[in-house]
Amino acid sequence: MGERLRGEVLHVVAPTELDEYDLDTDVRNLAESRYLLVCWKGGSPSIFQRLKLILARSTLEPVTLIADDDAAEGDIVTATVEETDTAGVYDVIEVETE
């Protein structure tokens, strides 16, 4: 069983667009005919949460999900994922969109 991760989709890379991006070889091999969903880990932070992050000198953590299914930019996804060898990149086992 993998880890549960929630995030707001910032950008989607379709399988037909993978060649347009300079991807790490391992990520490229994992993605082959799948979608890359670039997300803010934790979902969409409110203005107060963003202010708190700024004051704490912290940042929102971007993550990349490799999924079989497409999602739209701005969607909030909750996924069961497994870590890959590449930091910040997760292989999606199951995904739900809100």
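Conditions tested, residue by residue: (1) touching a Phe, Trp or Tyr at 6+ places or on another chain (Cβ under 8 Å); (2) without any contact (Cβ under 8 Å) to a residue 40 or more places away in the chain; (3) acidic (Asp, Glu); (4) surrounded by 14 or more Cβ atoms within 10 Å (Cβ to Cβ).
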| residue | (1), (2), (3), (4) |
| --- | --- |
| ALA31 | no, yes, no, yes |
| TRP40 | no, yes, no, yes |
| ALA72 | no, no, no, no |
| ASP75 | no, no, yes, yes |
| THR84 | yes, no, no, yes |
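Does ASP22 satisfy the criteria of being charged (D, E, K, R) and touching a residue at least 12 places away in the same chain (Cβ under 8 Å)? Before you say what the answer is, go through the steps one by one.
On the way: charged (D, E, K, R): yes; touching a residue at least 12 places away in the same chain (Cβ under 8 Å): no.
In short, no.
Among the residues of the range 1-19, those that are touching a residue at least 24 places away in the same chain (Cβ under 8 Å) and either under 10 Å from the mean Cα position of the chain (by Cα) or over 21 Å from ILE76 (Cα atoms) (or both) comprise MET1, LEU5, ARG6, GLY7, GLU8, VAL9, LEU10, HIS11, VAL12. Please tell me if ASP85 is within 10 Å of the chain's Cα centre (by Cα) and of a type in the set (Asp, Glu). Against the criterion (within 10 Å of the chain's Cα centre (by Cα) and of a type in the set (Asp, Glu)), ASP85 does not qualify. The requirement of being more than 12 Å from the chain's Cα centre (by Cα), without any contact (Cβ under 8 Å) to a residue 40 or more places away in the chain and surrounded by 14 or more Cβ atoms within 10 Å (Cβ to Cβ) is not satisfied by ARG50. Look at LEU55 and say whether it is over 16 Å from THR80 (Cα atoms), at pLDDT 90 or above and among the aliphatic types (A, V, I, L, M). Answer is no for this residue.
The values are calculated or read from the model by the stated rules, or taken from the named source; none is laboratory data. Because the structure is predicted, anything quoted here is derived from the model rather than measured. All Cβ positions, even for glycine, are placed from backbone atoms using ideal geometry, and neighbour counts span all protein chains on display.
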